[in-house]
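K.L.:
Handing you this structure, nothing more for now.
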Amino acid sequence: MEHKQEEFKKELGLLDGTMLVVGSMIGSGIFIVSSDIVRQVGSAGWLLAVWVFSGLITVMAAVSYGELSALFPKAGGQYVYLKEAYGKLIAFLYGWSFFTVIQTGTIAAVGVAFSKFAAYLYAPFSDENVLFTLGLFKLNAAQLVSIFTIILLTYLNSKGVKNSKVLQTVLTVIKILSLAGLIICGLLWAGNAEIWNANWAHAWETQTYVKDSASWLPISGVALITGVAAAMVGSLFSSDAWVGVTFIAGEMKNPKRNVGLSLFLGTLIVSVIYVLANLMYLAVIPLDGIATAPSDRVAVVASQAIFGHLGTYVIALMIMVSTFACNNGLIMAGARVYYTMAQDKLFFKQAAQLNASQVPSWALWAQCFWAAVLCLTGKYGDLLDFVVIIVLIFYILTIYGIFILRKKMPDAERPYKAFGYPFVPMLYILLASAISIALLFTKTDTCGWGVLIMLIGVPVYYLTKPKE
């Protein structure tokens, strides 16, 4: 039985908020996507540059969001900021995209990554184990494993935020410690001077890996811009989901301070960890080995180089913990957006109800259903393209919203102001716009579909809009 409640419980402190940011950001990407980045840009210097650049613009976005989170310290986060800056249509388009592509697509991609590594420990969980075929559709064991984890985490979250925050903090601490252990052992103990020197011998030579001929081709000019844009899909996806803490602002203690601080600390910690992890890869694996890692599982190759055969099982288990914690954070945060939309009559009205545990359980299960459907459709790489282009578009709009709201609400109390305003927010807008345009040109088949799904939201809004 559902009971409508007036308010969420304020259960989450600064540590919980920071752990939610870190736990939601570190999922599967850092263990997989460096392989594709090296294939696109072909050198140690460019691999690190892509990660450093992604980290910088992520922290820039996060410190800009601090002003918005302090101005509107309530559930719904980015959706609320867009509504206040632009009105209901843009806010609805965000919520629509969030439900159809951004959050559910990310949950599905992380679920698929979980099953990839589960199959490493237990082969029958593999995507090659096809259980059912109907025409072009094939149901495999990996899809069922992905869906099972999403259902389990949704169930745990429906029982209250207290349990899910403890799970989030514990799994995130395990994840950070094990990743730190891998980095330290790789850099200090197993680092190979010969491999390191060879990888840095041509640090800024740009080339692309051709799988068919297993050879490298030099690239420059437009091909280099294309390569860098394609390479950034993986690093930006890996650096995303930090915004989740703004969705649960209604459950944060002292949200005016703690949301902005959680955003800054969380994104900074993760960006540093990512750069160190890639330095570790370069210390233990030749560049060709990173580019050709089986199934792109570059972390498994690194672990094997550091710890031997047993290490591959350790890393697979660690990545399962990582992806599980990541999806817990995504599932917890996502439902709060649909809850806030439903209160504005822009989503199914059942999503505005809290259950006896004071969580939006209907919204949680609706999100679970659609993420499960996406698990049945997409490959990991395609899901990333879908998500990243839409995420960037709405980050650009939200950060431009800071400028709009400064004019609209000049006298509003701003306990925290955007760092480096107006230069840092504007620099982010310019950089993210350039990446978005490059992605639309270079990955039209996948990114284009993402944009199309977003635009379908326009007629949906006008068809479903309640009469004023």
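The values are calculated or read from the model by the stated rules, or taken from the named source; none is laboratory data. Being a predicted model, the structure only gives us computed values, none of them experimental. No Cβ is skipped: glycine too gets one built from the backbone with ideal geometry, and neighbour counts run over all protein chains shown. Ligands, DNA and RNA are excluded from the accessible area calculation, which covers all protein heavy atoms including side chains. Shrake-Rupley method; radii C 1.70, N 1.55, O 1.52, S 1.80 Å.
K.L.:
Pick from SER295, SER271, SER235, SER262: which is in contact with a Phe, Trp or Tyr (Cβ under 6 Å, 6 or more places away or on another chain), of a type in the set (Gly, Ala, Ser) and assigned to a helix (DSSP H, G or I)?
P.N.:
Working: SER295 fails: in contact with a Phe, Trp or Tyr (Cβ under 6 Å, 6 or more places away or on another chain); SER271 fails: in contact with a Phe, Trp or Tyr (Cβ under 6 Å, 6 or more places away or on another chain); SER262 fails: in contact with a Phe, Trp or Tyr (Cβ under 6 Å, 6 or more places away or on another chain).
Testing whether each residue is in contact with a Phe, Trp or Tyr (Cβ under 6 Å, 6 or more places away or on another chain), of a type in the set (Gly, Ala, Ser) and assigned to a helix (DSSP H, G or I) leaves just SER235.
K.L.:
Looking only at the range 330-352, count every residue that is assigned to a helix (DSSP H, G or I), among the basic types (Lys, Arg) and either crowded, with 24+ Cβ neighbours inside 10 Å or in contact (Cβ under 8 Å) with a residue 24 or more places away in the chain (or both) and tell me the total.
P.N.:
The number of residues fulfilling the criteria is 1.
K.L.:
I've got another one for you. Any residue that is buried (at least 20 other Cβ atoms within 10 Å of the Cβ) and under 16 Å from the mean Cα position of the chain (by Cα) - is there at least one of those in the range 183-192?
P.N.:
no
K.L.:
Right, next: Does GLU205 satisfy the criteria of being of a type in the set (Asp, Glu), open to solvent by 80 Å² or more (accessible area, probe 1.4 Å) and in a helix (DSSP H, G or I)?
P.N.:
no
K.L.:
Looking at (1) within 18 Å of TYR395 (Cβ to Cβ); (2) surrounded by fewer than 14 Cβ atoms within 10 Å (Cβ to Cβ), find the lone condition where SER238 falls short.
P.N.:
Going through the list (1) within 18 Å of TYR395 (Cβ to Cβ); (2) surrounded by fewer than 14 Cβ atoms within 10 Å (Cβ to Cβ), SER238 breaks only (2).
K.L.:
Given the condition open to solvent by 10 Å² or more (accessible area, probe 1.4 Å) and either basic (Lys, Arg) or not in a helix (DSSP H, G or I) (or both), answer yes or no: does some residue in the range 307-323 qualify? Let's see the steps before the verdict.
P.N.:
Within the range 307-323, the first condition is being open to solvent by 10 Å² or more (accessible area, probe 1.4 Å), and the residues that meet it are 307-310, 313-314, 317-318, 320-321.
Pick out the ones that are also either basic (Lys, Arg) or not in a helix (DSSP H, G or I) (or both) and you get 308.
Yes; the residues of the range 307-323 include at least one that is open to solvent by 10 Å² or more (accessible area, probe 1.4 Å) and either basic (Lys, Arg) or not in a helix (DSSP H, G or I) (or both).
K.L.:
Condition test on ASP240, is it closer than 30 Å to LEU82 by Cα, part of a loop (DSSP other than H, G, I, E, B) and out of contact with any His (no Cβ under 6 Å at 6 or more places or on another chain)?
P.N.:
Numbers: closer than 30 Å to LEU82 by Cα: yes; part of a loop (DSSP other than H, G, I, E, B): yes; out of contact with any His (no Cβ under 6 Å at 6 or more places or on another chain): yes.
So ASP240 fits the description; yes.
K.L.:
Please specify each residue of the range 19-54 satisfying the condition of being open to solvent by 10 Å² or more (accessible area, probe 1.4 Å), modelled with pLDDT of 90 or more and over 24 Å from TYR313 (Cα atoms).
P.N.:
Hits for the range 19-54 are ARG39, GLN40, TRP46, LEU48, ALA49, VAL52, PHE53.
Rundown of residues vs (1) open to solvent by 10 Å² or more (accessible area, probe 1.4 Å); (2) not charged (D, E, K, R), yes/no style:
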position: SER69; (1), (2): no, yes
position: LYS74; (1), (2): yes, no
position: TYR81; (1), (2): no, yes
position: LEU89; (1), (2): yes, yes
position: GLY105; (1), (2): no, yes
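K.L.:
Related question: It is to be established whether one or more residues within the range 110-132 are free of Cβ contacts under 8 Å to residues at least 12 places away in the same chain, more than 13 Å from MET320 (Cβ to Cβ) and outside any helix (DSSP H, G or I).
P.N.:
Yes, the range 110-132 contains at least one residue that is free of Cβ contacts under 8 Å to residues at least 12 places away in the same chain, more than 13 Å from MET320 (Cβ to Cβ) and outside any helix (DSSP H, G or I).
K.L.:
When the range 415-461 is examined, which residues are found to be over 24 Å from VAL387 (Cα atoms) and hydroxyl-bearing (Ser, Thr, Tyr)?
P.N.:
TYR416, TYR421
K.L.:
Of all residues in the range 353-409, count the ones that are outside any helix (DSSP H, G or I), within 30 Å of LYS10 (Cα to Cα), open to solvent by 40 Å² or more (accessible area, probe 1.4 Å) and of a type in the set (A, V, I, L, M, F, W, C).
P.N.:
The qualifying residues number 2.
K.L.:
Within the range 407-457, can you find the residues that are in contact (Cβ under 8 Å) with a residue 24 or more places away in the chain and among the hydroxyl-bearing types (Ser, Thr, Tyr)?
P.N.:
TYR416, TYR421, TYR428, SER433, SER436, THR442, THR446 - these are the residues of the range 407-457 that are in contact (Cβ under 8 Å) with a residue 24 or more places away in the chain and among the hydroxyl-bearing types (Ser, Thr, Tyr).
K.L.:
Might you let me know whether the range 84-99 holds any residue that is under 17 Å from the mean Cα position of the chain (by Cα), on the phi < 0 side of the Ramachandran plot and hydrophobic (A, V, I, L, M, F, W, C)?
P.N.:
Yes, there is a match, as at least one residue in the range 84-99 is under 17 Å from the mean Cα position of the chain (by Cα), on the phi < 0 side of the Ramachandran plot and hydrophobic (A, V, I, L, M, F, W, C).
K.L.:
Residues to consider are PHE125, PHE132, PHE117; find the one that is farther than 20 Å from TRP370 by Cα, more than 17 Å from the chain's Cα centre (by Cα), surrounded by 23 or more Cβ atoms within 10 Å (Cβ to Cβ) and modelled with pLDDT under 90.
P.N.:
PHE117
K.L.:
Working only within the range 416-459, note down all residues that are loosely packed, with under 14 Cβ neighbours inside 10 Å and in a loop (DSSP other than H, G, I, E, B).
P.N.:
PRO422, the sole residue that qualifies.
K.L.:
Could you list, in sequence order, all residues of the range 214-223 that are more than 29 Å from the chain's Cα centre (by Cα), without any contact (Cβ under 8 Å) to a residue 12 or more places away in the chain and open to solvent by 70 Å² or more (accessible area, probe 1.4 Å)?
P.N.:
Scanning the range 214-223 gives a single hit, LEU217.
K.L.:
Can I ask one more? Among the numbered criteria (1) in a helix (DSSP H, G or I); (2) at pLDDT 85 or above; (3) not β-branched (Val, Ile, Thr), which single criterion is violated by LEU217?
P.N.:
(1)
K.L.:
Let me ask something else. With THR340, THR312 as the choices, which residue is farther than 20 Å from LYS88 by Cβ and of a type in the set (Ser, Thr, Tyr)? Break it down into steps so the answer makes sense when it comes.
P.N.:
Working: THR340 fails: farther than 20 Å from LYS88 by Cβ.
After applying the criteria, what remains is THR312.
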